[in-house]
Structure formats: C-alpha cells, structure tokens
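Working notes, beginning with the structure itself.
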Amino acid sequence: MQIDTKLPKNSSKQRKIIIENDYLQKLQQRFALATILIPSIGTVIAIGLFCLSGGSGVKIGLLVSMYFLTLVGITVGFHRHFAHQAFKTNIVIRIILAILGSMAAQGPVIHWVSNHRRHHQYSDQLGDTHSPHVYEGQKEGQKFAQLRGLWYAHIGWMLNSKVTNSALFAKDLLQDRIITRVNQLYLTWLILGLAIPTIAGGVLNSTWVGAWQGFLWGGLVRIFLAHNVTWSINSITHLYGTRPFNTREQSTNNIWLAIPSCGEGWHNNHHAFPNSAKFGLQWWQVDIGYWVIRALEVLGLAWDVKAPTARLIEAKKLA
C-alpha cells in the first residue's frame, strides 16, 4: 500500500502535492532501484575482498573522507540550507554544497528538497513522503504494521511513491537559475563522486587495483553507508528514541544516529525548530553539521544563522 493512494483520487490536495505522470514515476523508481542495488552489491563485493586481502589505510581514508564530505552536502547543504534556509551563504558555497549533496546519490537537490518539505508539511499524516506509521490502524496486517512501516519509510517509499510536485514545494529553487543548472547536471556530480575516490585510490597506490579499491570503498561502500544512515532518519527516528518536545508528529531524538548522521539524529529537536541550523540543542548533543556551519560563519562565509534561544527551548518543552 502506498501512502499517497489514501488521498482521494480526484482531490485538489492530491493534484497539488504529486505529479500524475506514469513515465516520470517509472523513471524515478528505476533511478531509486539502481541507487539501492548497485551500492549494496558493491558493498558485498568489498566485504568479500576485505576478508581475502584485508584492509588498508587508503581504503579507510577514502571511505571516511568521502563519507564526511558528501554527508555534509546532505545535512548542511540539501537539508539545513536549501530545504529550511537555516543560514545564508554566498553563491560559491551554495554551488559546492549542492554538488557535494548530489555526490551522495540521494537524488538532485530540487527533488530532495521537494520531498523533504512535503515530509514536514504532512509529517506522519496522509501525504507524508516516508512515514513509518503508514500501516497503523489497518485491520489487515496490523500484527506486522510497525515492521512494514519501517521498511516503507526506509526504502519502500522510493520504489512506490509518486513524484512530488517541485513547483509547489521548491518554487524558490526552480527560480534560481544557477541551482537549477546544478540540479540538471545531477548525473555528472554523481559520476564525479565515484571518479574522485577511484582516481585518488589509483594515484595513492600507483596501481589499477588501488583505483578499483578506491571505487569500491570511497564510492559504493560510502554511498551504501550514507544512504542507510540517512534513510534511518526517515524510519528509525520516527519510531524509536526520546521526545523532549511534544511535536505534532512522532519524531524522536536517537543518540546512536547522531554522530554517523552528522547531527541529523536529533530529529525531534529538528521538528520542534525546523528552521534552526542547530540540531544539537544541548551541550552534549554532538552536531557535526552545525560545527561546519559555525566554521563557515567564523570565516565570514555564512550569516543569518538561525538557532533557538534557551528561553524558547524551555518554552517549547512546556508547550
């Protein structure tokens, strides 16, 4: 069952939030399937080769560095800057963030932002892009509703959902000529994200084997790990964790996802203050994405950085 099919077929609400186009839907599904299967297969191959030949500093270095750079593109770029306008920056940084986010293989920037803004508008309600609560309340299959919901929010929605209407949810980006151009070159940036670790691995090891290892570890394994961490924010943090803020949806803070997601794990904080550049609202809540934004701010490359005051945080807890 798809969450979108619950909406009345001829309602104006449905016509606005989705695009009824079979070709675009099938194209979206094929891209989704490819970006799910190819990194997964590459990761299995990489693990098999690791068991045979062991690891190396170059493999780990390429994996960690590419993972960090592309996840910063997602959390700082796609999410905090483009989707929520949590801070302002110059056009050069905007382009860099859009390219880094595209290299994460989670879809073009306008597509990503449209889905995310739709998620916030209809979070855990009819129309949400990827709610794990989609099967709750159904008599049929109620026993496994949560498990099915986890699958849907983690991966299933990408294979079943209809195309989100970017003209409604990302009109500002569609009107930005430069970002629209970056969006159109998505496949170029995706290939670049695979080429960089491949070339680096070849140069650092001075062998074709090194290039292959760079492609696997800095490319496919990195994408596989970053994908599943990001998808876990859609699935796990809407089911398991703490809720310091009584928000209208079922978002939670999950400490186990905080560091690997560069701060995205503080998801209840984010839903409480969606336009905040700062997700870790307590001193002990590690938020690597916000550290990057603060560094840009110190360098004069980011300004109008939004964050709630201590009084506002306490007021929200009591609300």
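The values are calculated or read from the model by the stated rules, or taken from the named source; none is laboratory data. Keep in mind that this is a model prediction, so the values were computed, not measured. Glycine gets a Cβ as well: all are built from the backbone with ideal geometry, and neighbour counts include every protein chain shown.
Values computed for the structure shown
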read-out	value
Of all residues making up segment 203-237, the number that are of a type in the set (Ser, Thr, Tyr) and within 19 Å of residue 261 (Cβ to Cβ)	4
Residue count for segment 251-286, restricted to those that are assigned to a loop (DSSP other than H, G, I, E, B) and closer than 15 Å to residue 81 by Cβ	9
Sole residue being over 23 Å from the mean Cα position of the chain (by Cα), of a type outside the set (D, E, K, R) and part of a helix (DSSP H, G or I), chosen from 182, 209	209
Members of segment 235-250 that are among the aliphatic types (A, V, I, L, M) and either within 17 Å of residue 290 (Cβ to Cβ) or not in a helix (DSSP H, G or I) (or both)	239
Options 127, 193, 149: the member that is modelled with pLDDT under 95 and either part of a helix (DSSP H, G or I) or among the hydrophobic types (A, V, I, L, M, F, W, C) (or both)	149
Hey, residue 83 farther than 19 Å from residue 295 by Cβ, within 13 Å of the chain's Cα centre (by Cα) and crowded, with 20+ Cβ neighbours inside 10 Å or not	yes
Residue ID - surrounded by the most Cβ atoms within 10 Å (Cβ to Cβ), chosen from residues in segment 185-214 that are free of Cβ contacts under 8 Å to residues at least 40 places away in the same chain and not aliphatic (A, V, I, L, M)	198
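This table checks each residue for (1) among the aliphatic types (A, V, I, L, M); (2) free of Cβ contacts under 8 Å to residues at least 60 places away in the same chain.
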residue	(1), (2)
227	no, no
230	no, no
238	no, no
242	no, yes
302	yes, no
307	yes, yes
